[in-house]
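The values are calculated or read from the model by the stated rules, or taken from the named source; none is laboratory data. For clarity, every value in this text was computed on a predicted model and none was experimentally measured. Neighbour counts are summed over all protein chains in view; Cβ atoms, including those assigned to glycine, are modelled from backbone coordinates with ideal geometry.
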Amino acid sequence: MSFELIDFENWERKEFYHHFSTQVVCYYSLTVNIDVTPLKDERLYPAMLFLLTNAVNETKEFRTSLSVDGVGYFTEMHPSYTIFNKQNKNFSVIWTEYNTNYNSFLQSYLHDVSCYKDSVVLAPKEGKPENTFDVSMLPWTTFSAFNINVQNAGIYLLPIFTMGKTFIEQGKTMLPLAIQIHHAACDGYHVGMFINGLQEKINRWDK
């Protein structure tokens, strides 16, 4: 992994970044229903973590971040995600290193969940790298909209994903997916292309 600084003065988003990070600090969220029928034989959560990470790694706007040296892109991202403690009804946040091979990623995911599923602290797994993005899931309810209010002076640029309970619509299994993003990092066009690309990856699913 590396962090590549952007040549800010020649960046095509220079004006937009300045506007949405200093003048009108603006996050926005979008909720869509993703057809996950092709994943019916898979564990949905790790499969979606894998697919989201794959799509994020192909979308530089979703890898935009701010370092002490300036704005740039991570060359690779890993998922940081929530797991639920069934006994105390609380959650922990862990991360799993991304692997382009799904079966390898799944084994790492299962190992991490097994290690930390009984955790009673927020972040039990040490060594979390900077190049992670956040994912959570609400399997208890479906939703048509979901919004996270990030209070950090507008400097967190990476996407945040939230998934809900699946439901059946016209014979298809649909998954609510909320995407929270900073407008300085990307526009509606980039989010739209990301969603279309993610759906195509699901449609072509072959682990």
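Of everything listed in (1) surrounded by fewer than 16 Cβ atoms within 10 Å (Cβ to Cβ); (2) of a type in the set (V, I, T); (3) touching a residue at least 40 places away in the same chain (Cβ under 8 Å), the single unmet condition for T132 is (1). If only residues of the range 87-110 that are among the β-branched types (V, I, T) and part of a strand (DSSP E or B) are counted, the one that is farthest from M77 (Cα to Cα) is V93. Applying the set (1) touching a residue at least 12 places away in the same chain (Cβ under 8 Å); (2) buried (at least 16 other Cβ atoms within 10 Å of the Cβ) to N99 leaves exactly one unmet item: (1).
Just name the residue that is farthest from L52 (Cα to Cα) out of those in the range 161-171 that are surrounded by 18 or more Cβ atoms within 10 Å (Cβ to Cβ) and not aliphatic (A, V, I, L, M).
Looking at the filtered set, the residue picked out is T166.
In this structure, is L158 of a type outside the set (G, A, S), crowded, with 20+ Cβ neighbours inside 10 Å and closer than 12 Å to A55 by Cα?
no
Taken over the range 15-62, the criterion of being within 13 Å of L157 (Cβ to Cβ), at pLDDT 95 or above and over 17 Å from the mean Cα position of the chain (by Cα) is satisfied by F16, Y17, F20.
Regarding I195, is this residue surrounded by fewer than 18 Cβ atoms within 10 Å (Cβ to Cβ), touching a strand residue (DSSP E or B) at 6+ places or on another chain (Cβ under 9 Å) and free of Cβ contacts under 8 Å to residues at least 24 places away in the same chain? No.
To keep it simple, each residue is scored yes or no on (1) touching a residue at least 60 places away in the same chain (Cβ under 8 Å); (2) basic (K, R); (3) in contact with an Asp or Glu (Cβ under 9 Å, 6 or more places away or on another chain).
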site	(1), (2), (3)
G70	yes, no, no
H78	no, no, yes
N90	no, no, no
S104	no, no, no
Q107	no, no, no
S114	no, no, no
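Of the residues I94, I148, I179, the single one that is surrounded by 20 or more Cβ atoms within 10 Å (Cβ to Cβ), touching a residue at least 60 places away in the same chain (Cβ under 8 Å) and β-branched (V, I, T) is I179. Looking at the range 116-129, which of its residues are surrounded by 14 or more Cβ atoms within 10 Å (Cβ to Cβ) and either touching a Cys at 6+ places or on another chain (Cβ under 9 Å) or without any contact (Cβ under 8 Å) to a residue 24 or more places away in the chain (or both)? Passing the criteria: P124, K125.
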